[in-house]
1. Which members of segment 163-201 meet the condition of being of a type in the set (Val, Ile, Thr), part of a loop (DSSP other than H, G, I, E, B) and free of Cβ contacts under 8 Å to residues at least 40 places away in the same chain?
2. Name the single residue, out of those in segment 2-50 being touching a residue at least 24 places away in the same chain (Cβ under 8 Å) and basic (Lys, Arg), that is nearest to residue 214 (Cα to Cα).
3. Filter segment 160-171 down to the residues that are at pLDDT 95 or above and buried (at least 18 other Cβ atoms within 10 Å of the Cβ), then identify the one that is nearest to the chain's Cα centre (by Cα).
4. Given the structure, is residue 97 in a loop (DSSP other than H, G, I, E, B), crowded, with 19+ Cβ neighbours inside 10 Å and within 17 Å of the chain's Cα centre (by Cα)?
5. Only residues that are within 18 Å of residue 24 (Cβ to Cβ) and either free of Cβ contacts under 8 Å to residues at least 24 places away in the same chain or small (Gly, Ala, Ser) (or both): list them for segment 202-213, please.
6. One residue is enough: does segment 102-115 have a residue meeting the conditions among the basic types (Lys, Arg) and outside any loop (DSSP other than H, G, I, E, B)?
7. Taking the conditions exactly as written (of a type in the set (Asp, Glu), over 24 Å from the mean Cα position of the chain (by Cα) and outside any helix (DSSP H, G or I)), does residue 61 satisfy them or not?
8. Of the conditions (1) in contact with an Asp or Glu (Cβ under 7 Å, 6 or more places away or on another chain); (2) over 22 Å from residue 291 (Cα atoms), residue 211 fails just one. Which one is it?
Amino acid sequence: GQITIISDGLERYSRFLLTGFPFTKLDKKLKIAIDCSNGAASKIGHMVFGKSLFDTIFIYDSPDGKNINDHCGSQHTQELQGLVLQEKADIGLAFDGDADRLIAIDDKGNEITGDTALAICAKFAKEKERLKSNIVVSTIMSNIGLTKALDNLGIKHIKAGVGDRKVLSEMKQSNAVIGGEDSGHMIFLEYHTTGDGLLSALRLIEVMLATQQSLSSLASIVTVYPQVLMNVEVDASRPDFMKIKSIADTIKMIEKKLSDKGRVLIRYSGTQPLLRVMVEGPDQDLVEKYCGVICDSIKAGI
């Protein structure tokens with residue numbers, strides 16, 4: 001094989017990202033606060049969002065090889081949330097270290113995670129007749145609020161296994177063009193075959209500009225249900241817990257109580273000797289209680 005050095009890679013990437021962005025001039029600049037997580041977005045972020053279209057404030061954009069993701073970025077959004085409120089920004093963008101993930105902050109300082117961003121972008125795409133097959137793909141871990149929002153919009157919701165590779169595979173199978181995970185990995189298949197935080201940010205900003213709506217207003221189409229996740233240590237044999245009557249009866253009892261207002265999801269970890277128990281419902285205290293009841297049942301039964 002031959003090694004080729006591409007000296008203008010960043011410029012090419014920047015052009016690629018902005019080629020699909022339909023706005024070249026705005027009456028009023030959009031104010032954006034960006035947390036680059038001292039990672040991959042630190043330089044390219046300035047090239048893409050430091051343009052004349054935006055009034056941009058950057059934080060954590062000085063990587064030293066050690067400070068990547070260090071109490072910053074998409075998993076630590078508290079500082080960015082405060083900055084958005086302090087500077088009265090229209091949107092905050094928090095990338096992770098390799099910039100394939102995006103968590104947005106709305107104008108009221110609230111986190112906008114992947115599920116809500118998917119619903120916003122899917123609604124806009126449908127209105128513009130760009131939502132191929134009228135399908136959105138997410139994972140089994142997606143919030144029930146996303147399912148209900150898509151149902152209200154008349155959009156089919158397919159849930160793949162956990163991981164962006166499984167999401168992409170399901171997207172290709174179902175001919176979908178929008179998919180992703182609540183963690184902020186989003187795939188816009190018309191533009192890219194993988195999660196790209198900067199591309200996701202531009203798609204979200206496009207919706208804001210085209211609709212002339214604030215991000216908090218756009219996000220109101222999704223009611224995020226409280227979700228509690230607990231882990232139970234198990235041995236390596238991984239027994240079929242649904243064949244253990246006491247556990248199965250407990251799970252069925254909780255599911256009956258939640259009815260269509262919540263759900264229970266239990267799965268083995270792919271990397272650790274853990275059983276992951278997730279309960280989702282309309283009330284935080286209630287789902288914490290139900291999750292604890294199921295975990296106690298598993299500990300006693302396995």
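The values are calculated or read from the model by the stated rules, or taken from the named source; none is laboratory data. Computed from a prediction, not measured in an experiment: that's the story for all the values here. FYI the Cβ positions are ideal-geometry reconstructions off the backbone, even for glycines, and counts take in every protein chain you see.
1. Residue satisfying the conditions is 193 alone.
2. 31
3. So the residue we want is 167.
4. yes
5. 210, 212
6. no
7. no
8. Tallying (1) in contact with an Asp or Glu (Cβ under 7 Å, 6 or more places away or on another chain); (2) over 22 Å from residue 291 (Cα atoms), residue 211 fails exactly one: (1).
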